[in-house]
Each structure stands twice: as structure tokens, then as C-alpha cells.
Amino acid sequence: MTGSRSLLSVMWIPTILVLGLILLPVVVVVAIGFSTSSTYAFPPPGLSLRWFWSFLENHTFTDALFRVSLPLAFASATGATLLGTLAAIGIARTEFAGKRFLELLFVTPVVFPQILLGVGLFLFYAQLGLNPGLPALCIGHIVIGTPYVLRTVGAALAGIDMRLEEAARNLGAPPALAFVRVTLPLLRSSIISGAVFAFIVSFSDINLALFLAAADSATLPLQILAQMQFASDPTIAAASTLQVLVVGLLVLLAQGLSKRVGT
């Protein structure tokens, strides 16, 4: 028993090291955002909300957040949730030749380098005569967000007992009504989780934005990158901290919903 406890304590060491490597950059950025220093000083000499006020007073940042990134993330998450849910239902409920290959194609935007995906979409839009801007960027974010919804909803569909819906049909409910009344409520948490992940993907994206955003549609990550090239005050760290906060809260929400699905 003592040997097992010793082994477990040793196994915690690499876990803590990996966790530290993951969180250390985030801790540094957040600390600089709350710093009283006018430079990227770490550890900070003191704590202050000065740079967050500076962020709110900077119309370039606030426009990028409230007029571009958040509306864009909501719109693309909505589109990705609709398409991903419908695709997951279609794949789960039907059998056809090439089904596995189709599932693989849906995952391609996740494993494909997004820089190359951005180049490909830019060239494709050029052929269609669609200029860079919010519509072009929204379509691109729907493309990269749909696989997350598809996987999340598809996994939930695999765990649902089809006999529940069949029982509703046997009691006289039409197929569509049986699905809406029986299956859809069981998928609600998974659909919301997929939507959250699609929102995070859009809100955090910079690769597609580099190619598909216009001058009046720069997202917050793109604006942070641009400001880093010309400025060095911690307002950039404050902007990054707000982005980390939004993404962190959404990840916790998705994790909580996943636990609900598991139970």
C-alpha cells in the first residue's frame, strides 16, 4: 500500500510540470495586465487596473472586441451549430457508402493547417468575387467550428437509446415530433457544448483573420497582434487577459455541460 502511494506521488510530478508549462505563459500575461509598470515587467512591482481602463478607452480595441469579435463569434457559432447538428444527425441516422470517408472530411478543417486553409479560402473567395470582410470571415469560422459541433453531437447521439424515440412513434407521434420531443432534449447539453467550442474557435482565431479580415473587420486577436508590432505598453496584456477570461469561462461552461451529459 505504501509503495502504491509512493508511485502515485511520483506520477504527480510530470503532471504538475506539464500543467506549469501550459499555465505559465497565461500567468505571465495576466500578471502584466494587472501590473503598475509601464513595461512588460514580471513579476509586477504592484497591482492596478490601469491597463484595463486604458483598454476600455482605446476605441481600436473596444471596436475589435464588441463590434467585430463577439458578434462574429456568435454568428459563426450559430451557423456551425446548425450545420454541425444537422450533419451529425444525418450521419448517425443513415447508412450509405463512403460514410466513414465523409466523417473524415468533416474533421479535415481541424487537422489541416489553418494558415493554408486561410490561403485556400482567400483564393476561393477571389474566384467568387467575395472581398475580405465579416461575411468572408464568418464563413471561414463556420468551416472550422462545424467539426467541433459534429463530434460533440455525434458522440451524444451514439449514446442515446433509439428505442425511446421508437416508443414515442408507437404511441402515435410523427417521426419529426418524436425527435423534437424525445431526442432533441437529450441532445440539448451536447449542442450547447458544441456551440461553446465553435464560439471559442472563432473568438480565438487569428490564422483565418490574417487573410479574410478587412480594415474595418479586424478581430481582437488580430488587433492585439498589430498593436504588438507598434506599441509596448501593457494594454496589450490587458486585452489578452480579457480574451483569456472569456475563453476560460466558456471552457468551464462546456466542461460542466459535458459532465451533465456523462451523468
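All told, Pro14 meets the bar of being loosely packed, with under 10 Cβ neighbours inside 10 Å, at pLDDT below 80 and not polar (S, T, N, Q). Considering the conditions (1) among the β-branched types (Val, Ile, Thr); (2) farther than 28 Å from Pro71 by Cα; (3) under 18 Å from the mean Cα position of the chain (by Cα), Ile160 is excluded by exactly one of them, (3).
Picking from residues in segment 23-44 that are of a type in the set (A, V, I, L, M) and either closer than 13 Å to Thr241 by Cβ or modelled with pLDDT of 80 or more (or both), the one that is nearest to the chain's Cα centre (by Cα) is Val26.
Selection of first residues in segment 60-76 that are not assigned by TED's automatic domain parsing to the domain that holds Ile236 and of second residues that are surrounded by 21 or more Cβ atoms within 10 Å (Cβ to Cβ) and modelled with pLDDT of 90 or more, restricted to Cβ pairs under 7 Å at least 6 apart or on distinct chains, gives an empty result.
Looking at Ile144, Ile91, just one residue is in contact with a Lys or Arg (Cβ under 8 Å, 6 or more places away or on another chain), in the same structural domain as Ala215 (by TED's automatic domain parsing) and either not basic (Lys, Arg) or not in a helix (DSSP H, G or I) (or both), and that residue is Ile91. Give Pro132, Pro147 a once-over and let me know the one that is touching a residue at least 40 places away in the same chain (Cβ under 8 Å) and more than 22 Å from Leu83 (Cα to Cα). Being touching a residue at least 40 places away in the same chain (Cβ under 8 Å) and more than 22 Å from Leu83 (Cα to Cα) holds for just one of Pro132, Pro147, which is Pro132.
The values are calculated or read from the model by the stated rules, or taken from the named source; none is laboratory data. Just so you know, these numbers come straight off a predicted model, no measurement behind them. Here the Cβ is made from the backbone with ideal geometry for all residues, glycine too, and neighbour counts use every protein chain on show.
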